[in-house]
There are 2 protein chains.
Amino acid sequence: MMKNITDVELVECEESRFVKLKQMNYVQDGVAKRWELAQVHDSVAILIYHKDRDSFVVVKQFRPPIYLKNRDGYTYELCAGIIDKECSLEQIAIEEVEEECGFRVSSLERITSFFSAVGFAGAQQTLYYVEVSDKNKVSNGGGIENESIEVIYLPTSKAKEFIFDETKGKTPGIMFGFSWWFEYKS
Amino acid sequence: MMKNITDVELVECEESRFVKLKQMNYVQDGVAKRWELAQVHDSVAILIYHKDRDSFVVVKQFRPPIYLKNRDGYTYELCAGIIDKECSLEQIAIEEVEEECGFRVSSLERITSFFSAVGFAGAQQTLYYVEVSDKNKVSNGGGIENESIEVIYLPTSKAKEFIFDETKGKTPGIMFGFSWWFEYKS
């Protein structure tokens, strides 16, 4: 599913719809301070383990900010989605598992939550776990609308090597998720 | 070292110096697309293990974006620093170990690198490891200038419980770092 990326240009943002630049003013022990930050949505992420294939189900997608770093732009991530509607986090996570990866599940195991980009954004991500099998498969996934998501099956036997393969852009969330699975589920 | 935080206000950013809001225009398989992103510095982080105390050395600090999420604002993180000068990543990391935590070391073990905030920033973080002892202590650390950093010794016997303690704000980087240590160094 390698996409052909051309005509790349980086310009001033005309009108921000997703990332809002703000400034927090505060007083810390009597000293006035200011801090710049980007307001973004919190999110959920789901570590999906496919029992029949003994594999993790992960998503590969094109990320513009990563393209600017390494001229490749593809990352390997946990299935995930932003929290932009009024329903439970678990429900949003369940919908993402089906939309992105094509598996219909009814409940998830909550692992924990953490903060990413603490210096300039502080988005909170809640992490879930679910086991699936071929019986859960209802579509090919791939995301909705403009999303270009490729579903990847990564055998657990290759996952430790994958964590340290820097030719494959990835997040600390997927690295922690795999480590958690090896400690508590394998 | 709990700080007294008052007079908090969130306003439009007057003039951004650290977080630059940009827009990437590109063509993917013939379809014109735009993506908003925050340009930020890449960084280094260092997992520090103190042999005499059998503890991880981590930093606790006030993070304005986290304050807006949980009205506490304190996070537990790996010693870290942004890449904002012309020297090797390892050299920057060595300087951070001394500035933030007060330990003078001469070399580090490189673990791997990853990307955080892939959706809206894509900052790359390179992760190092170093073992220290009381012999390496040269100061109390705490950071420079305006930084308010508290150095925390977390016994390895408490670290697994810490990973899942959501009353303590933390990053996936520290969670992965601890998991890595238990697998490869303990």
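Data table
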quantity: Candidate set: segment A:1-17, residues that are within 22 Å of the chain's Cα centre (by Cα) and more than 8 Å from chain B (Cβ to nearest Cβ); chosen: the one most open to solvent (accessible area, probe 1.4 Å); calculated: A:2
quantity: Complete set of residues in segment B:33-85 that are of a type in the set (Val, Ile, Thr) and under 11 Å from the mean Cα position of the chain (by Cα); calculated: B:44, B:46, B:58, B:59, B:75, B:82
quantity: Selection from segment B:154-186 of residues that are open to solvent by 20 Å² or more (accessible area, probe 1.4 Å), more than 25 Å from residue B:110 (Cα to Cα) and in contact with a helix residue (DSSP H, G or I) (Cβ under 8 Å, 6 or more places away or on another chain); calculated: B:168
quantity: Residue count for segment A:27-45, restricted to those that are without any contact (Cβ under 8 Å) to a residue 40 or more places away in the chain and over 21 Å from residue B:18 (Cβ atoms); calculated: 2
quantity: Enumeration of residues in segment A:34-50 that are charged (D, E, K, R) and within 7 Å of chain B (Cβ to nearest Cβ); calculated: A:36
quantity: Strands (runs of 3 or more DSSP E) wholly inside segment A:46-98 containing at least 3 residues that are in contact (Cβ under 8 Å) with a residue 60 or more places away in the chain; calculated: A:55-62, A:74-77
quantity: Subset of segment B:139-186 [within 30 Å of residue A:35 (Cα to Cα), charged (D, E, K, R) and not in a loop (DSSP other than H, G, I, E, B)]; calculated: B:150, B:170
quantity: Test: residue in segment A:121-137 that is among the basic types (Lys, Arg) and in a helix (DSSP H, G or I); calculated: yes
quantity: From A:141, A:122, residue being of a type outside the set (Phe, Trp, Tyr), at positive phi and touching a Cys at 6+ places or on another chain (Cβ under 8 Å); calculated: A:141
quantity: Filter pass, residue B:159 being modelled with pLDDT under 95 and within 14 Å of chain A (Cβ to nearest Cβ); calculated: no
quantity: Positions within segment B:119-153 being open to solvent by less than 10 Å² (accessible area, probe 1.4 Å), farther than 25 Å from residue B:53 by Cα and of a type in the set (A, V, I, L, M, F, W, C), in sequence order; calculated: B:121, B:123
quantity: Selected residue (criterion: farthest from residue A:15 (Cα to Cα)) from residues of segment B:18-32 that are of a type outside the set (A, V, I, L, M, F, W, C) and within 7 Å of chain A (Cβ to nearest Cβ); calculated: B:29
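The values are calculated or read from the model by the stated rules, or taken from the named source; none is laboratory data. Bear in mind the structure is a predicted one, so any value in this text is a computation, not a measurement. So basically every Cβ, Gly included, is an ideal-geometry build from the backbone, and we count neighbours across all protein chains shown. Heads up: the accessible areas ignore ligands, DNA and RNA and are worked out on the full protein's heavy atoms, side chains in. Shrake-Rupley method; radii C 1.70, N 1.55, O 1.52, S 1.80 Å.
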